[in-house]
């Protein structure tokens with residue numbers, strides 16, 4: 001079965017149930033009304049070019065309906081990042097995937113100050129042009145049995161692409177990831193039993209749908225189970241989100257550590273009393289964040305691990321199996337292999353190596369990029385580019401991107417480990433990022449970027465108890481904020497470039 005077919009089945013099953021409560025536009029849509037809207041939109045999309053259709057819309061009812069309707073029309077949605085560099089991202093997606101049409105919002109473009117890009121169609125104009133006859137036809141179609149409705153929309157195959165998503169670009173130019181219906185549905189089916197998801201759950205949906213974390217957990221997972229989605233387009237409006245969770249009794253909240261820090265600071269006693277699951281991913285969860293949620297709300301913050309190419313969940317901690325600091329056990333149906341980064345041999349328990357993943361949730365490849373696909377998928381195993389180990393009890397420990405290791409004096413030094421140690425000695429509410437800055441004269445230098453001033457000599461003395469001399473930062477830079485991606489992940493690429501520029505200016509002056 002395909003993703004949009006699951007939507008049709010649940011729209012018929014849960015017709016009068018609230019499907020989407022959109023707190024950005026103050027719209028409420030039942031499953032029945034959502035089906036009617038999707039049928040109207042899909043008829044419009046069928047008039048457009050076949051192949052890809054770009055979607056650049058915020059986390060909202062409009063984006064959910066557009067995404068579903070594009071699939072119902074037989075087109076493949078290409079999700080475009082609007083949070084940073086929207087115009088560049090739109091043009092990049094058009095060129096990379098060779099398409100023209102992008103469904104977007106005039107209101108959103110004005111808000112983010114993004115100029116019109118040739119091929120853009122405003123969702124406001126589409127909705128304004130809907131006629132009473134079109135509404136009546138869609139309503140009549142929605143009243144038909146679900147099996148018949150599914151025959152009237154695109155059918156296709158489970159191995160067809162359900163979406164094109166772009167990798168974060170935090171280290172290099174984004175790649176276009178092709179995820180199939182089977183990829184995403186397999187991932188949902190794998191996480192469902194370990195978290196006990198059911199139709200009564202109410203999801204607080206704040207993550208952007210151009211990021212796989214948001215697309216799977218905040219859109220398709222709730223639709224798959226016929227849940228109610230509480231959507232809000234601004235994940236940085238922490239206070240508002242805490243209020244929505246409290247007043248509308250959300251049971252599930254996911255996000256990056258950066259977002260959860262905001263929720264922790266802005267929340268009040270009782271705000272998260274309804275939460276059954278609070279799950280963080282995309283970046284390492286600091287111990288202080290876990291401890292903060294436990295102390296303030298008596299909530300266990302679980303940590304998981306995934307990749308865009310894996311739809312995304314690879315492993316996660318759960319209420320039954322939780323080992324703080326690890327990223328949990330691999331989910332059912334996913335195999336994880338730890339491979340020595342030099343010899344290619346399988347590592348033993350606790351031995352660090354490259355993290356490889358196999359399973360039906362692994363992508364079918366990067367679009368129009370055979371070279372990168374063949375480099376990352378070998379003999380059925382997807383090479384995540386991450387380093388980690390599996391302990392004797394089967395828990396996976398993520399120790400950082402391979403690109404976040406540097407070789408100094410013949411030793412592999414983990415920048416993530418340096419960050420973990422440095423965090424222990426930072427003032428409260430301070431954050432850090434450690435990067436390597438190449439230097440033709442002095443060689444590689446480890447640079448720590450922190451968000452508050454500190455006594456460097458004292459901190460280095462404390463860090464020396466945990467790290468060898470070669471792993472101690474040589475330079476500290478103090479910035480007000482650490483650049484982040486739209487998904488909330490730390491933007492290592494930008495931080496490295498900014499740090500290099502700052503140090504270059506200092507050396508010149």
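The values are calculated or read from the model by the stated rules, or taken from the named source; none is laboratory data. This one's a predicted model, so the numbers in the text were calculated from it and none came from an experiment. Here Cβ is always computed from backbone atoms with ideal geometry, including for glycine, and neighbour counts include all displayed protein chains.
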Next on the checklist: residue 429 - would you say it is farther than 23 Å from residue 465 by Cβ, over 21 Å from the mean Cα position of the chain (by Cα) and surrounded by fewer than 21 Cβ atoms within 10 Å (Cβ to Cβ)?
Outcome noted: yes
Checklist entry - Scanning for something under 20 Å from residue 405 (Cβ atoms), part of a loop (DSSP other than H, G, I, E, B) and modelled with pLDDT of 95 or more, does the stretch 328-347 turn up at least one residue? => result no
Checklist entry - Which is out of contact with any strand residue (DSSP E or B) (no Cβ under 6 Å at 6 or more places or on another chain), surrounded by 17 or more Cβ atoms within 10 Å (Cβ to Cβ) and in the same structural domain as residue 56 (by TED's automatic domain parsing), of 161, 190? => result 190
Next on the checklist: Looking at the structure I just gave you, is residue 419 under 30 Å from residue 292 (Cβ atoms), within 26 Å of the chain's Cα centre (by Cα) and not in a strand (DSSP E or B)?
Outcome noted: yes
Item to check | Out of 230, 207, sole residue that is part of a loop (DSSP other than H, G, I, E, B) and closer than 18 Å to residue 272 by Cα | outcome: 207
Checklist outcome for this item: Matching residues in the stretch 193-207 (within 25 Å of residue 238 (Cα to Cα), surrounded by 14 or more Cβ atoms within 10 Å (Cβ to Cβ) and over 20 Å from the mean Cα position of the chain (by Cα)) number 1
Checklist entry - Is there a residue in the stretch 35-50 that is in the same structural domain as residue 113 (by TED's automatic domain parsing) and closer than 25 Å to residue 240 by Cα? => result no
Next on the checklist: Step by step: first the residues of the stretch 462-482, then only those that are in contact with a helix residue (DSSP H, G or I) (Cβ under 9 Å, 6 or more places away or on another chain) and closer than 18 Å to residue 496 by Cβ, then the one that is surrounded by the most Cβ atoms within 10 Å (Cβ to Cβ). Which residue is that?
Outcome noted: 473
Checklist entry - Since residue 177 meets every condition but one in (1) over 22 Å from the mean Cα position of the chain (by Cα); (2) surrounded by 17 or more Cβ atoms within 10 Å (Cβ to Cβ); (3) within 14 Å of residue 78 (Cα to Cα), which condition does it not meet? => result (1)
